[in-house]
Amino acid sequence: MQVQLTNRQQHILWATVRHYIATAEPVGSKALLDEYNLGVSSATIRNIMGVLEKVGLLYQPHTSAGRIPSDSGYRIYVDKLITPSETLAREVEGTLQNRLNGEDRSLEALLHGAAQILATLSGCISLITMPQTSTALLRHLQLVQIEAGRVMLIVVTDSYETRSALMDLPRREETQPDVEVIERELQIVSNFLNSHLRGRSLVELNTLDWSQLDRDFQYYGEFLKKSLMELTRRSFTPTATQIMVRGVAEVLRQPEFSQLQQVQTIIQLLEEEQEQLWRLIFEESEADEVGKPRVTVRIGAENPLEPIRTCSLISSTYRRGGISVGSVGVLGPTRLDYDSAIAVVAAAADYLSEALSEFIL
């Protein structure tokens, strides 16, 4: 939804969401006037809340009640009106390190502990998937020229599965060589890579020391690195694994979950239909400007699974060797403390990405 709000309207929306998150009660203009330094009269607040209701960001559950945020109101609040706390993220990562970095820890114990801490700190249901253990090994690699400037990278794994990626060759400053010269060069490079990479796992390709490539192949070095990483990204087909769930009892005490039928459908999803939930929270997160996966926030009806369409799901992936191998998230009512929850999920994903390097998958 594209809604242009003035600074004052944004401030009123921010205050309304904050107050509703804290109280779970519909918000009136007097409550905002008493609690927040908005610098305007109660009548002005009331008028602005009316405007926000007309554009679908607030609504009244009853005609005589105050207003509460809609899914669209929460979306603008998350996207434009808050900044996840970096201080809290550092505190959460420190808490995870202090409580979980014991000498005799197992991978399962680490994930169980992280899930419990995440539930406690967020006040939500925490969800952490077991990491993927796909270890497909490279058996043969071939670079084939498809047309001028276009090359297909073909990989055969140890299970004889074939994977491929179509890539553009980088442009040369000098005159482009003829087709036969390029084919000979590609064959030489293919032979070189096969001798160095045969028997390596596809995930491992992302952590190789690429400086070992012979100087004669410097022209191809960055191109090949990007090609193999792209192939790995496209080829990595995750399979659903167990989701560790913590914090259910606490969250279900929230007023949003007062109806027994709604509670039953959520519990059924968590206990019996985990594969559907797994596929939702394991979706690959785009990387931000520093290369870390972004936190994904799905609010209310944005969730494709019916049992959680009155909830918010905040998730991110944790990585090993630059490849997403698992996910971490929290599930709670749409009325949750988003800036804290986003920071907690991001910190947990960062911690697990770092901690996972100590384990053999």
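The values are calculated or read from the model by the stated rules, or taken from the named source; none is laboratory data. The structure presented is a predicted model; accordingly, all values stated were derived computationally and were not measured. Glycine also receives a Cβ, built like all others from the backbone with ideal geometry; neighbour counts cover every protein chain displayed.
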Looking only at the range 4-26, which residues are touching a Pro at 6+ places or on another chain (Cβ under 9 Å) and either of a type in the set (Val, Ile, Thr) or within 15 Å of residue 80 (Cα to Cα) (or both)?
-> 13, 16, 17, 21
In the list 314, 266, 308, 360, which residue meets the criterion of being of a type outside the set (Asp, Glu) and modelled with pLDDT of 95 or more?
-> 314
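Given the residues 357, 340, which is the only one that is surrounded by fewer than 22 Cβ atoms within 10 Å (Cβ to Cβ), under 16 Å from residue 93 (Cβ atoms) and without any contact (Cβ under 8 Å) to a residue 40 or more places away in the chain? First the steps, then the outcome.
Working: 340 fails: without any contact (Cβ under 8 Å) to a residue 40 or more places away in the chain.
Going through 357, 340 in turn, just one is surrounded by fewer than 22 Cβ atoms within 10 Å (Cβ to Cβ), under 16 Å from residue 93 (Cβ atoms) and without any contact (Cβ under 8 Å) to a residue 40 or more places away in the chain: 357.
Scan the helices (runs of 4 or more DSSP H) fully inside the range 61-124 and keep the ones with 1 or more residues being of a type in the set (A, V, I, L, M, F, W, C), modelled with pLDDT under 90 and surrounded by 12 or more Cβ atoms within 10 Å (Cβ to Cβ).
Numbers: elements: 71-76, 86-100, 107-122.
It comes to 86-100, 107-122.
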Selection over the range 325-361 where residues are among the polar types (S, T, N, Q) and in contact with a helix residue (DSSP H, G or I) (Cβ under 9 Å, 6 or more places away or on another chain) yields a count of 3
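Within the range 136-148, work out how many residues are surrounded by 14 or more Cβ atoms within 10 Å (Cβ to Cβ) and either over 17 Å from residue 195 (Cβ atoms) or of a type in the set (D, E, K, R) (or both).
Step one: filter the range 136-148 for residues surrounded by 14 or more Cβ atoms within 10 Å (Cβ to Cβ), giving 136-145.
Then drop every residue that is not either over 17 Å from residue 195 (Cβ atoms) or of a type in the set (D, E, K, R) (or both), which leaves 136, 139, 144-145.
Residues flagged as surrounded by 14 or more Cβ atoms within 10 Å (Cβ to Cβ) and either over 17 Å from residue 195 (Cβ atoms) or of a type in the set (D, E, K, R) (or both) within the range 136-148 amount to 4.
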Within the range 316-325, the count of residues that are in contact with a Phe, Trp or Tyr (Cβ under 9 Å, 6 or more places away or on another chain) and either surrounded by 24 or more Cβ atoms within 10 Å (Cβ to Cβ) or not assigned by TED's automatic domain parsing to the domain that holds residue 118 (or both) comes to 3
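Kindly evaluate residue 63 against the criterion of being under 16 Å from residue 336 (Cα atoms) and among the β-branched types (Val, Ile, Thr).
Values: under 16 Å from residue 336 (Cα atoms): no; among the β-branched types (Val, Ile, Thr): yes.
No, not satisfied.
Check whether at least one residue in the range 130-147 is more than 29 Å from the chain's Cα centre (by Cα) and without any contact (Cβ under 8 Å) to a residue 24 or more places away in the chain, and report yes or no. Step through it out loud before you land on a result.
So in the range 130-147, the residues more than 29 Å from the chain's Cα centre (by Cα) come out as 139-147.
Still in the list and also without any contact (Cβ under 8 Å) to a residue 24 or more places away in the chain: 146-147.
The answer is yes; a qualifying residue exists.
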Pairs under 6 Å by beta carbon, first residue farther than 18 Å from residue 305 by Cα in the range 253-265, partner outside any loop (DSSP other than H, G, I, E, B), six or more apart or different chains?
-> 254/333
Can you give me the number of residues within the range 178-207 that are modelled with pLDDT under 65 and in contact with a helix residue (DSSP H, G or I) (Cβ under 8 Å, 6 or more places away or on another chain)?
-> 2
Does the range 155-169 hold any residues that are within 14 Å of residue 198 (Cβ to Cβ), at pLDDT 80 or above and not hydrophobic (A, V, I, L, M, F, W, C), and which are they?
-> 157
List the pairs whose first member sits in the range 7-20 and is of a type in the set (A, V, I, L, M, F, W, C), whose second member is part of a helix (DSSP H, G or I), and whose Cβ atoms are under 6 Å apart, counting only residues at least 6 apart or on separate chains?
-> 12/48; 13/52; 14/81; 15/32; 17/77
